Amino acid sequence: MASSHPKVKIGERLYGYLAMTRYLNLSIASANNTNVFVSRPHLPKDYLPYNTLTRCSSDSMWKLQDEDATALWRPLFWTSFFMEDWLSTESYKGADVVLISSASSKTAFGLAYSILKKNEVGEPKKKIVGLTSSKNVEFTKNLKLYDQVFSYDELSKLDSKSGKWIYVDVAGNNQLNENIFQTFEKNKNPLVCGIGLGLTNSEQESNVKKRSMEFFFLPTWLAKRRLQLAPGEITRIQEKAWAHLMKDSKGWLRMQTTWKKDLVEKFQITASGKLGPEVGQTFSLWDSESQFNQTKLKRYDCLQQKEDKKRKKKKKKKKNEKQAKAKTGKTT
């Protein structure tokens, strides 16, 4: 990257929420040893994660070989991870079963994974049940993160007559939500609560009645946790969780990078739901990986040369000033 900010180096790697483009101008508000903060005044102050760029050089969770997985997983996994953290502090609303829709999506099975990890160390253990489309049932079962997996047309197979259930809506489908609520109400065992998370297929308009749901929003919860936990504790928790994820997630997905010439076609396939859940997709507006690397090196070399010229000019100026001062001293 190029930079005119004194605390941000040329060629430095940063991770964060950025527009998908080859080049992007950002106004830097401030920088410290671990983060660079960009100015986005249109966002509320509590949306801090969206204005924060992590410095990869001081990020203990960053590895060059895992950059694609990092770009894919971090926004999704931290949403899932901290939702489990929130549920845990709420004692899971008194429930012993968690029902998750869109179970083949990364946000959903990231939550299932986080609950499963908590089950390994905590009591009482929570049962995890996933709902997904019939074409994704096999993939979701093979993840081995759910105790049970059903397709959306198998709601009658849920053991909805017993246990206390909470429902996590990742799909954002009002008709599905209504069907799920009714399934439990018919068996005189209403859901403890419904919680919206992620919303992979969120409907803008619908004639179906909207159920009263809670919604989990990561920035709000993180802001609260920063007040509750000691400084550095959140980072320590994240480092441990991320290390486990990078180890445990091997084999879950097949990473795939799409470059500019194929981007529109692949994006349309992805948006239409035709891309299988086993694919971890990343997009780039560069024509190819080799072009990206060549351009990056040329750009870096050019900027480095400019910086070298500036340093030499500054050094020469100081030398001349020193010589002029010494000469003046001799004359005096």
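Below are the figures for this structure:
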{"read-out": "Bridge type composition, the stretch 23-133 - antiparallel percent by DSSP, nearest 5", "value": "60"}
{"read-out": "Estimated dipole of the chain in Debye, rounded to 20 [Cβ of Lys and Arg +1, of Asp and Glu -1, Cα centre]", "value": "3160"}
{"read-out": "Carbon + sulfur, % of accessible area of the stretch 1-149 - ligands and nucleic acids excluded, 1.4 Å", "value": "52"}
{"read-out": "Charge dipole of the stretch 1-69 about the Cα centre (unit charges at C-beta), most positive-ward option of Ser60, Leu48, Ala31", "value": "Ala31"}
{"read-out": "Residues of the chain: accessible area per residue with a 1.4 Å probe, Å²", "value": "61"}
{"read-out": "FRET efficiency, 1/(1 + (r/R0)^6) with R0 45 Å, evaluated for Glu123 and Ser58 via beta carbons", "value": "0.75"}
{"read-out": "GNM flexibility winner over the chain from Asn189, Asn136, Asn51 (Cα, springs under 10 Å)", "value": "Asn189"}
{"read-out": "Beta bridge orientation in the chain: antiparallel %, DSSP, nearest 5", "value": "25"}
{"read-out": "Dipole of the chain, positive direction: furthest Cα of Leu116, Thr79, Gln228, with charges on the beta-carbon", "value": "Gln228"}
{"read-out": "Helical mean residue ellipticity (222 nm; -39500 (n - 2.57) per DSSP H run of 4+; nearest 500) of the chain", "value": "-14000 deg cm²/dmol"}
{"read-out": "Met20 versus Lys164: modelled label distance in nm, points set 7 Å from Cα along the beta carbon direction", "value": "4.3"}
{"read-out": "C-alpha long axis of helix 174-186 to longest principal axis of the chain, angle in °", "value": "40"}
{"read-out": "The chain, relative contact order in percent, only Cα pairs under 8 angstrom and at least six apart counted", "value": "15"}
{"read-out": "Cα-only Debye scattering, the stretch 111-264: base-10 log of I(q)/I(0) at q = 0.16, 0.21 Å⁻¹", "value": "-1.17, -1.49"}
{"read-out": "Residue-level accessible surface for Arg236, protein heavy atoms, 1.4 Å, Å²", "value": "120"}
{"read-out": "Helix axis angle, 218-228 relative to the chain longest principal axis, alpha carbon, degrees", "value": "80"}
{"read-out": "Phi-based couplings in Hz for the stretch 279-287 (Karplus 6.51, -1.76, 1.60; Gly and Pro marked x)", "value": "9, x, 9, 10, 10, 9, 8, 7, 5"}
{"read-out": "Long-range HN-HN contacts of Met255 with modeled amide H, under 5 Å", "value": "Gly280"}
{"read-out": "On Cα atoms only, tilt of 106-121 relative to the major axis of the chain in degrees", "value": "80"}
{"read-out": "Loop sites in the stretch 260-293: GluC sites (Glu not before Pro), DSSP, at most 16 other Cβ within 10 Å", "value": "Glu278"}
{"read-out": "Whole-Å distance, taken between Cα centres, linking the stretch 143-177 and the stretch 1-76", "value": "37"}
{"read-out": "Extended-chain gain in nm, criterion 0.36 nm per residue less alpha-carbon gap, Lys318 and Asn189", "value": "38.4 nm"}
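The values are calculated or read from the model by the stated rules, or taken from the named source; none is laboratory data. Quick caveat: nothing in here was measured; it's all calculated off a predicted structure. Because the Cβ atoms are built from the backbone with ideal geometry, glycine has one as well, and the counts that use them run over all protein chains shown. For the accessible areas, the whole protein counts, side chains as well, though only heavy atoms, and no ligand, DNA or RNA atoms are used. Shrake-Rupley method; radii C 1.70, N 1.55, O 1.52, S 1.80 Å.
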